[in-house]
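The structure appears right after this line, and notes come after that.
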Amino acid sequence: MAKEKANSGPLARRPDNSAFKQQRLPAWSPMLTANTVLPFFYCMAVLCMLLGVWLLVTVQNTQELKVSEPEFSQIYLTDALCASALMISILFLSQGNVFFYYGLRNFHQNLRRYMDSRDDAQMVGRKKNLKSPSTYCEPFEKDENGLPIAPCGAVANSIFNDSFTLVYHGSKGSTIHVPLYRSGLTWYTDKNIKYRNPKVDNLTLAQVFEGTAKPLYWHKPVYELDPHNPDNNGFINEDLIVWMREAAFPNFKKLYGILNRVSEPFTEGLPVGNYSIEISYNFPVQYFRGRKEVVLTTVTWFGGQNHFLPIAYLVTGGLILLLAVILTVIWWKFGKDGKNMKE
């Protein structure tokens, strides 16, 4: 009872008289002087510039060949398909893995309404959403006959569907189709978690998608995207998954294939010589005044050829160095001996 009376009254909520609760703990209050700050600035400048030079040298070691052809960029096709070949020359040995990308310019995948026009529940394999897509997919939710579209939405409807074949022209007049891996292009989480086909026992994939329609601008249904690999059809088709991961900028490239290095003369990479890229045109670009391009590139531990980070380090290091020099001059002129600083 005496304890209860001691803790009652207007001072009942007062904190204990301890060093922690009364904020009397010892603290370190550094005195920032020129002798401590200026060396830190110079060290940071040197560190940033060294990292920038290292990353720049690493990026320069990547080999990249970019082909952008205005003629094939402006072709518009509806039902008829068209194909042509672009001749390119590789003057260096692309050692190691070579990655084949297709690129688009002035295609804004980052528009909010475009990005929202999809049904993630449908893409994860929920049978309910297969027959009743989300209203976010409108107007690409149902076809003109009222059948639900699978996959629905503007993102899937606008999939890039040009096809490419890389052909090597040997010195003796022989031609060899460059083998490309068309699988293993996606993130593990995308292929195994985010995108799944609906599972119905003892039914083929075509039977699972029965009662649905293909997207309006597609030439074939989702369960026939890859006739050569039955395990690469439906919502787990890797070209579809790569396209469904929207790009952040209007100019982007997406992975199409990886060099298969199991046979000669491609065991070391792409040999020096003449090549042709056979292109089957399906994707129109004149509506959004876009351009197409093809990119062949190698990679390092840093990734592909991207100069942004090394340039950012170099610019940051240069600015820190400039600031350090300015502070050094001010300190030397006004603060070194305390002159001109007296009140």
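The values are calculated or read from the model by the stated rules, or taken from the named source; none is laboratory data. Nothing here was measured: the structure is a model prediction, and the numbers come from that model. Glycine gets a Cβ as well: all are built from the backbone with ideal geometry, and neighbour counts include every protein chain shown. The area values use the complete protein model at the heavy-atom level, side chains included, leaving out ligands, DNA and RNA. Shrake-Rupley method; radii C 1.70, N 1.55, O 1.52, S 1.80 Å.
Only one of these conditions is not met by Leu240: (1) over 28 Å from Gln95 (Cα atoms); (2) more than 17 Å from the chain's Cα centre (by Cα). Which number is it? With respect to (1) over 28 Å from Gln95 (Cα atoms); (2) more than 17 Å from the chain's Cα centre (by Cα), Leu240 is out only on (2). In summary, Gly173 fulfils each of the numbered conditions (1) in contact (Cβ under 8 Å) with a residue 24 or more places away in the chain; (2) open to solvent by 30 Å² or more (accessible area, probe 1.4 Å) with the single exception of condition (1). When Val272, Val299, Val325 are checked against the criterion of being free of Cβ contacts under 8 Å to residues at least 40 places away in the same chain and open to solvent by 50 Å² or more (accessible area, probe 1.4 Å), a single residue qualifies: Val325.
Condition check ((1) touching a Gly at 6+ places or on another chain (Cβ under 7 Å); (2) outside any loop (DSSP other than H, G, I, E, B)) across all residues:
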residue	(1), (2)
Tyr168	yes, yes
Leu185	no, no
Thr189	no, yes
Asn192	no, yes
Asn197	yes, no
Val200	no, no
Leu203	no, no
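Of everything in the stretch 328-343 that's exposed (fewer than 13 other Cβ atoms within 10 Å of the Cβ) and of a type in the set (Phe, Trp, Tyr), which residue is modelled with the lowest pLDDT? Going through the qualifying residues, I end up with Phe334. All conditions but one from (1) of a type in the set (D, E, K, R); (2) under 24 Å from the mean Cα position of the chain (by Cα); (3) in a loop (DSSP other than H, G, I, E, B) apply to Lys172; the one that does not is (2). Criterion applied to Ala121, Ala156 was being in a helix (DSSP H, G or I) and free of Cβ contacts under 8 Å to residues at least 40 places away in the same chain, and the one residue passing it is Ala121.
Would you be able to say whether some residue in the stretch 285-293 is more than 30 Å from Asn35 (Cα to Cα), touching a residue at least 24 places away in the same chain (Cβ under 8 Å) and assigned to a helix (DSSP H, G or I)?
The answer is yes; a qualifying residue exists.
The residue that is farthest from Tyr114 (Cα to Cα), counting only those in the stretch 131-148 that are under 28 Å from the mean Cα position of the chain (by Cα) and in a helix (DSSP H, G or I), is Thr135.
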